[in-house]
1. I'm trying to understand the selection: among the residues of region 142-162, which are among the charged types (D, E, K, R) and either part of a loop (DSSP other than H, G, I, E, B) or within 20 Å of G127 (Cα to Cα) (or both)?
2. Please determine whether any residue of region 148-160 is in the same structural domain as A30 (by TED's automatic domain parsing) and among the hydroxyl-bearing types (S, T, Y).
3. For region 130-139, check the following and say yes or no: at least one residue is farther than 16 Å from Y63 by Cβ, free of Cβ contacts under 8 Å to residues at least 40 places away in the same chain and not assigned by TED's automatic domain parsing to the domain that holds Q49.
4. Only one residue in S83, S48, S55 is over 12 Å from the mean Cα position of the chain (by Cα) and within 19 Å of H129 (Cβ to Cβ), so which one is that?
Amino acid sequence: MTIFSLRQFTVLFITVLSFSPLVHSADIEAGKNKTAACRGCHGIDGQSQSGHYPSLAGQRALYLENQLKAFQSGTRANPMMKSMAANLSKQDIKNISAYYASLPLGKDDNDTVLDAKGKSKVAMCLGCHGSTARGLASFPRLAGQQPAYLKKQLLNFKNRTRKGGPMNSITATLSEQDIDEIADYLGNL
């Protein structure tokens, strides 16, 4: 190889390598180490015990990445989360998201009889959030979230304090009773 072709080869190699998933893959252990501050609200094992905060265990990594970036940029308004995400690097976000996505979902030990009214109203949710409401691609898992958290988010979409494209339109026609029934049903899946 001549020096010129060696340079071309090196540039090509670095360019290809920079797009490789191996270079940008997430480090779950590094993500776990970055979550100490998250555990107070989202639970030690990613299972929130409060209706104020979502459970993150088993959530889609892509969804979590998108939300952390939205908090960081301010496109999703939450002063606490904005400050928590402010100093995270892109790799930190990827690692934290992969860590929470790797955790098992909560136990299915809820014997509550599911509200049939809520069940009949969630069909509109399942196209994006999956047939079992456990999330698809960049759409979050709804199943098993705290009902109070789900209700709060649905109301935020409805009153447009949270922007979410289709979610703002979907929730516009829901009554507060509809929202209660949907949140209770999804929270108990």
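1. If the condition is that a residue be among the charged types (D, E, K, R) and either part of a loop (DSSP other than H, G, I, E, B) or within 20 Å of G127 (Cα to Cα) (or both), then K151, K158, R160, R162 are the ones that fit.
2. Scanning region 148-160 turns up no residue that is in the same structural domain as A30 (by TED's automatic domain parsing) and among the hydroxyl-bearing types (S, T, Y).
3. Yes: one or more hits.
4. One residue alone meets the criteria, S48.
The values are calculated or read from the model by the stated rules, or taken from the named source; none is laboratory data. This one's a predicted model, so the numbers in the text were calculated from it and none came from an experiment. Because the Cβ atoms are built from the backbone with ideal geometry, glycine has one as well, and the counts that use them run over all protein chains shown.
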